[in-house]
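The values are calculated or read from the model by the stated rules, or taken from the named source; none is laboratory data. Predicted, not measured: the structure shown is a model, and the values here were computed from it. Positions of Cβ are backbone-derived with ideal geometry, glycine not excepted, and every protein chain shown enters the neighbour counts.
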Amino acid sequence: MGMNNLKTNGNRKLLNILRKNETISVGLALLLLVFLVLARPNFLDRVNIDSLQTSIAPYGIMAIGMMILLISGVFDLSVGSTMGLGGLVSAITLTLGASPAVAILTGILSGLLIGLINGLIVEIAGVNALITTIGTMYIGRGISEIVLVGRGYAGYTNFPDSFNNLGRGQFLNIYYMFWILLVLLVVFQLVLRYTKFGRQLFFIGGNYDAAEKLGINARRIRILAFVLSGALAAFAGILVTSRAGIANRYTGVGAHMDVIIACIIGGGSLIGGQGSIVGAFSGMVFMVLMSNAFNLYAIPPQWQSILVGIILLIVITVDGYVSLSKQKRLGKI
Amino acid sequence: MAMSSTETVSSISRKKRFSFGALTIVLITALLFAFLTFTSDTFFTYRNIYAIFYGVSFQFIAVIGFTYLMIIGEIDLSVGSVYAFSGMFMGYLMVMKDVPLIPAIGISLLACVVMGALTGFLIVRFKLNSMMVTIATMTLIRGLASNFVKRMYGATYPSVMRHLSKIKFKEIYLTIIIMIILVVILEILLRKSSIFKRLYSVGENRLTARIYGVKSNRIIILLFALSALAAGIGGILLNSRVTYADTAIGLGLEFHLLTAAVLGGASLYGGRGSMLGSAVGLIFLATILNGMVIFNIEPLLQQLIVGIILIIAVYVDTRLNKHE
Amino acid sequence: MEPNSVNGKSKAKIAPAFQNDDFIEMHGITKAYGIVEALNEVSFGIRKGEVHTLLGENGAGKSTLVKVIMGEETPDSGRLLIDGHEIESYSTENSYGMGISMVHQELAVFENLTVAENIFPSRYFTNKFGAIDWSALKERAKESIEIFDIDIKPFQKMDSLTLAQQQIVEILRCISDNQRIILLDEPTSGLNNIETEKLMAIIDKLRTEGITFIYISHRINEVLEISDKITILRDGKYIRTFVNDENLTEDDLVNSMVGRELSGSLYSKKAFYDASGNPVLFKVEGLEKKNALDPVGFELQEGEIIGFFGLEGSGLNKVSRMIYGLEGKDAGEITFKNEKLTKITPQEMIRKKILYLNNNRKQAGLLMNSGAADNMMLPRMDDLSVMTILKNNAIADYAEKYIRLFSIVIPSIFEKPRNLSGGNQQKLMFSMCTGAEPELMIVNEPTRGIDVGAKSEIHKFILQASDNGTGFIIFSSDLPELVGLCDRIYIMKNKALVGDLQGDAIDEEAILAMACA
């Protein structure tokens, strides 16, 4: 039984970076960014940059939550409906006369609650995450509809400016929500890297049984992850709502797909144990930039789906191929 | 069991204990029917029931492939997209490329089969997770379908195509007749055919099936192709019914089919499922929605109810099957 | 070296089962799984800072005893004491709390994480802010790695390591955990000589620091090198404990491991069938696989029964799977009835009338949740159906025929295997293969985990079938079984074929000696 060939330190470092999952998404995002900056002058227009920020921020926040779940080995398809509900709940609270702060808090709370329900059903009742979160997605949509009864297309509108400011205000020409995203990115990156909770997510996703044998309370941690995902999704919905000034039934519809796809491109896997905040962010940036690129070139959006589908297939297949060769190398197959 | 293995056996029973996997859902649906009949005048009319069956008949064809995949423990989330794609591709060929009816059907279905086979191939060759892969294909195919929507500029499908879903045989829509025939045939085959026995063995224990010579890999690829074909046929018919390329076609279909299949006895963990069960599951869902319309319950509440039903159904399934 | 034997001239010193200052005490530990008694009144003690080896064949009870100590299994009766404290309830947390940890054979690693995190999975090195201190982790990991002096970096991803390296990391985890009692189950199976030497040195050093080692291995020279005491288990019973001094020899150990009362033995050895003139039925040449199997070659002649023996990690299982096509091979040629087989897949094998009996019926080989008839018809489906429609009467006849043939106790042909006893399950599996009228059967563990009566029935079948012309290749870790059934036995050790014995040369001790060390 021999040992690995010696590699020089430099080579090994480079190889390690290349092997990291998020390299693909960061690379893709950067490439696209550079391309757009060079090729399309109106990319850097105020209007465009604004639109980019207000797309990346809420979806990026949701991607953080989703990535945390993916690392621990589960996922959440209800984030889209939670996004919608979060916006709605805060809108309703506002309409009932509460202050923006309370409204925002209540909205986040609703997301927390949905996340808790998801977590309990998946971890305690033992129902498969796919089914559970599809179910809560339907339930969430249903509740949204109920709440919007009689309100017509526009839903809730006419929020006080102090509320709308959250979504529309800027600091140093960058939207508040984007700053918030950046802060959250840093916070959760720190959590994943420097807290016990963060590391345990990886253990659970990597080898659930071994993690439990180590005494890690896998169920509790996953429930917490669901709760975080729900809260973040709701918050994203609040941001979108306050920016648009409208809380209606269309917020967040289909968002779960974009978020999951962004995370998979960014290095997460439905199997669990891998992923990173950088990956979530760059995956989402890539998705938004691509959408933007399609707009700027006036390419119909369906090509986007096609391209995303192809990229996703490639990422998944390559990931599978690498995994397979590792197993072969270890003589397991 | 401490029974010695060497006691002599004098008589061995040949009587098959009656096991009916879909029994639960049939009973529940029957109860539902009864309930609605007694509480509403408009439910048990020929017209209403007919409409329910007509609607379900389009979904049924797609659920065939879906159920088979669940039996072997895989899932295909792209059925909704294929559903949209097949009809739209066909419509595009006929409207924009003047391709006649039969070739258009043929080309479109061929495309579906190829896509399905490729999906199956990737999953088998690289040992990929079918959920992840079919999320990708779902997006890809939906994009292709939307492409055709655009290219047709809202034109309605040619009348021959629109007529497909309306063909009647002795005053009953052909699709309903086909559904009933297929349910009967496929259900019988599932119980009595060697091919289908092999499917169940693959779903129950893939390695065991392999040991006894079942070509698991080939079956998986075949079933993905079949699932795409079934969704393709169903999609052509549905597109025909809707009469034009509507972007909403097929959205969320996969989850609807999943709910129906699980209600009908299929399990996410493989090894179980029946055509009759899935068909009745579809009828059950359609009836619930129908009932809610009759009672003027918000269509909005419908999603809520379906979501709750789904979770409960799978919860029960998990309690029963996960321990095995 | 003079031949020694326990009965005669051995100078080996036998230790008392218990000593005054025992750190670990086992009294009357008994554990049965169904009718199989894995442990039967095992009683002995282990001192602190001792390297105590458990020696015995597969099925002797070592792994069950280990599971009890680890808290994974609760004994049916008996007491376990650690440092004077009796274990009241058995759980992995309790055992861990008492300072017990283990290096498993199936690695419990986290491949998605780094080496350092795998060495210290439960230890979170925090700095004064409560955050994880990665450089401290790196330093500590480095220290541990340096003990072993191997070329892996602390922050290398675990999945980039070879199996051997992963094993070392697993060992490091245990050692770095500072637990008081470390169980090592075949720790050197993936290591080369240098690495093995290092491990021995580390164990030696830690022993002086008071850490107690329970060591399980078949490698007798290693065992003789490192152990203070060696306990022999056989058929679930405690046999004796040897003091490992200069008088202890390999023969002493092997004799104790085997030493069955040969009179009235369960397995009367069948008369040797000399098939040397007969045509070759099945031939394998150069079968190999990187990191899993060194080149193996053997042949089966018509009319004979050959067997393969090996202990854990010998590659036994791999060979059986590779020749049937359940696993891929890197190289190798297989010839059946003088025809080279081009496609090695189960389908092809069955077509050629070669059948395979799996070694773990709970994992594969039986559909536990489908009826017996459904199981039986699996390999014969095409014959039992007309245009793919199953002929129910033919199937019922077929099932009934084989149920009677094998005397399977089953109330109905639709009964599910999971409701049957182990013996009946095994017979059912056998009938599935036999029903396909094989010309050759590759049998992997023919009688694992079943009662004595069923065992002898299955042996009778094999002999009868062989007389009627079916070829048999039997892979088994049950030595007496192989000795009783086979005309020739190949021995595997450490992923390689090390020899074969034929006819009168077949001798349990000789075989075991070849399979160990």
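Residue pairs whose Cβ atoms lie under 9 Å apart, separated by 6 or more positions or on different chains, with the first residue in region B:217-244 and at positive phi and the second β-branched (Val, Ile, Thr), are B:Thr243/B:Thr156. Screening the candidates B:Gly232, B:Gly250 for the property of being away from chain C (no Cβ under 14 Å), assigned to a loop (DSSP other than H, G, I, E, B), under 15 Å from the mean Cα position of the chain (by Cα) and of a type outside the set (Val, Ile, Thr) yields one hit, B:Gly250.
Every residue, every condition in (1) at pLDDT 85 or above; (2) surrounded by fewer than 17 Cβ atoms within 10 Å (Cβ to Cβ), yes or no:
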| residue | (1), (2) |
| --- | --- |
| B:Ile28 | no, yes |
| B:Ala51 | yes, yes |
| B:Gly55 | yes, no |
| B:Ala62 | yes, no |
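Evaluating C:Ser189 against the criteria (1) part of a loop (DSSP other than H, G, I, E, B); (2) of a type outside the set (Val, Ile, Thr); (3) over 25 Å from the mean Cα position of the chain (by Cα) leaves one unmet condition, (3).
On the basis of being more than 12 Å from chain B (Cβ to nearest Cβ), surrounded by 22 or more Cβ atoms within 10 Å (Cβ to Cβ) and in contact with a helix residue (DSSP H, G or I) (Cβ under 9 Å, 6 or more places away or on another chain), does A:Gly245 make the cut? Give the steps one after another, and end with the answer.
Details: more than 12 Å from chain B (Cβ to nearest Cβ): yes; surrounded by 22 or more Cβ atoms within 10 Å (Cβ to Cβ): no; in contact with a helix residue (DSSP H, G or I) (Cβ under 9 Å, 6 or more places away or on another chain): yes.
When the stated conditions are applied, A:Gly245 does not pass them.
Within region A:202-251, the set of residues being β-branched (Val, Ile, Thr) and touching a Lys or Arg at 6+ places or on another chain (Cβ under 8 Å) comprises just one member, A:Ile204. Tell me yes or no: at least one residue of region C:443-455 is free of Cβ contacts under 8 Å to residues at least 60 places away in the same chain and not in a loop (DSSP other than H, G, I, E, B). Among the residues of region C:443-455, at least one is free of Cβ contacts under 8 Å to residues at least 60 places away in the same chain and not in a loop (DSSP other than H, G, I, E, B), which makes the answer yes.
Selection of region B:11-25 for residues being under 22 Å from the mean Cα position of the chain (by Cα) and either of a type in the set (S, T, N, Q) or modelled with pLDDT of 85 or more (or both) yields only B:Thr24.
Looking at B:Val113, B:Val82, just one residue is surrounded by fewer than 24 Cβ atoms within 10 Å (Cβ to Cβ) and either of a type in the set (Asp, Glu) or at pLDDT 90 or above (or both), and that residue is B:Val113. Here is a list: C:Ala116, C:Ala131. Which entry is within 30 Å of A:Phe188 (Cα to Cα), among the aliphatic types (A, V, I, L, M) and more than 10 Å from chain A (Cβ to nearest Cβ)? Selected residue: C:Ala116, the only one of C:Ala116, C:Ala131 that is within 30 Å of A:Phe188 (Cα to Cα), among the aliphatic types (A, V, I, L, M) and more than 10 Å from chain A (Cβ to nearest Cβ).
Which of the residues spanning region A:296-313 are under 17 Å from B:Met132 (Cβ atoms) and without any contact (Cβ under 8 Å) to a residue 60 or more places away in the chain?
Within region A:296-313, the subset under 17 Å from B:Met132 (Cβ atoms) is A:305, A:308-313.
Selection gives A:Ser305, A:Val308, A:Gly309, A:Ile310, A:Leu312, A:Leu313.
Of the strands (runs of 3 or more DSSP E) lying entirely inside region C:227-341, those containing at least 3 residues that are more than 18 Å from C:Ile474 (Cα to Cα) are C:229-234, C:237-243, C:280-289, C:293-301, C:331-336.
Out of A:Val191, A:Val227, A:Val187, report the one residue that is within 30 Å of A:Leu52 (Cβ to Cβ) and touching a residue at least 40 places away in the same chain (Cβ under 8 Å). Spell out how you get there, then give the answer.
On the way: A:Val191 fails: touching a residue at least 40 places away in the same chain (Cβ under 8 Å); A:Val187 fails: touching a residue at least 40 places away in the same chain (Cβ under 8 Å).
Only one candidate qualifies: A:Val227.
I need the full set of residues from region C:172-206 which are within 16 Å of C:Gly313 (Cα to Cα), within 14 Å of chain A (Cβ to nearest Cβ) and among the aliphatic types (A, V, I, L, M), in order please. Hit for region C:172-206 is C:Leu191, nothing else.
In region A:264-280, how many are part of a helix (DSSP H, G or I) and touching a Gly at 6+ places or on another chain (Cβ under 6 Å)? Total satisfying the criteria: 3. Residues in region C:134-165 that are under 23 Å from C:Asn193 (Cβ atoms) and more than 8 Å from chain A (Cβ to nearest Cβ) were compared, and the one that is farthest from the chain's Cα centre (by Cα) is C:Glu146.
Has region A:217-235 got at least one residue that is assigned to a loop (DSSP other than H, G, I, E, B), within 14 Å of another protein chain (Cβ to nearest Cβ), under 30 Å from B:Thr259 (Cβ atoms) and among the small types (Gly, Ala, Ser)?
Keep residues of region A:217-235 that are assigned to a loop (DSSP other than H, G, I, E, B), which gives A:217.
Retained after the next criterion (residues that are within 14 Å of another protein chain (Cβ to nearest Cβ)): A:217.
With the extra rule that they be under 30 Å from B:Thr259 (Cβ atoms), the set shrinks to none.
No, that holds for no residue.
Among the residues of region A:116-167, those identified as on the phi > 0 side of the Ramachandran plot and within 14 Å of chain B (Cβ to nearest Cβ) are A:Gly126, A:Gly150, A:Gly152, A:Gly155.
Do we find that A:Gly309 is within 7 Å of chain B (Cβ to nearest Cβ), closer than 30 Å to C:Lys495 by Cα and crowded, with 17+ Cβ neighbours inside 10 Å in this structure? Don't jump to the end; show me each part of the working.
Numbers: within 7 Å of chain B (Cβ to nearest Cβ): yes; closer than 30 Å to C:Lys495 by Cα: no; crowded, with 17+ Cβ neighbours inside 10 Å: yes.
No, not satisfied.
Hey, any hits in region C:380-397 for a residue that's polar (S, T, N, Q), buried (at least 20 other Cβ atoms within 10 Å of the Cβ) and touching a Leu at 6+ places or on another chain (Cβ under 8 Å)? The answer is no; no qualifying residue exists. Looking only at residues of region C:238-279 that are among the small types (Gly, Ala, Ser) and modelled with pLDDT of 75 or more, we find that the one that is farthest from the chain's Cα centre (by Cα) is C:Gly277. Here B:Phe89, B:Phe60, B:Phe121 are screened, and the one residue that is under 13 Å from B:Ser227 (Cα atoms) and among the hydrophobic types (A, V, I, L, M, F, W, C) is B:Phe60. Working only within region B:79-100, note down all residues that are hydrophobic (A, V, I, L, M, F, W, C) and assigned to a helix (DSSP H, G or I). If the condition is that a residue be hydrophobic (A, V, I, L, M, F, W, C) and assigned to a helix (DSSP H, G or I), then B:Val79, B:Val82, B:Ala84, B:Phe85, B:Met88, B:Phe89, B:Met90, B:Leu93, B:Met94, B:Val95, B:Met96 are the ones that fit.
Please indicate, with yes or no, whether at least one residue in region C:457-465 is outside any loop (DSSP other than H, G, I, E, B), farther than 24 Å from C:Leu281 by Cβ and in contact with a Phe, Trp or Tyr (Cβ under 9 Å, 6 or more places away or on another chain). Yes, the conditions are met somewhere in region C:457-465. For region B:116-208, the helices (runs of 4 or more DSSP H) that sit wholly inside it and include 2 or more residues that are within 14 Å of chain A (Cβ to nearest Cβ) and under 24 Å from A:Ile271 (Cβ atoms) are B:130-152. If I filter region C:327-342 for residues that are within 10 Å of chain B (Cβ to nearest Cβ) and surrounded by fewer than 22 Cβ atoms within 10 Å (Cβ to Cβ), do I get at least one hit? For region C:327-342, residues within 10 Å of chain B (Cβ to nearest Cβ) and surrounded by fewer than 22 Cβ atoms within 10 Å (Cβ to Cβ): absent.
Are any residues in region B:265-298 part of a loop (DSSP other than H, G, I, E, B) and within 14 Å of chain A (Cβ to nearest Cβ), and if so, which ones? Give the derivation first.
Initially, region B:265-298 is screened for residues part of a loop (DSSP other than H, G, I, E, B), giving B:265-274, B:295-298.
Result: B:Ala266, B:Ser267, B:Leu268, B:Tyr269, B:Gly270, B:Asn296, B:Ile297, B:Glu298.
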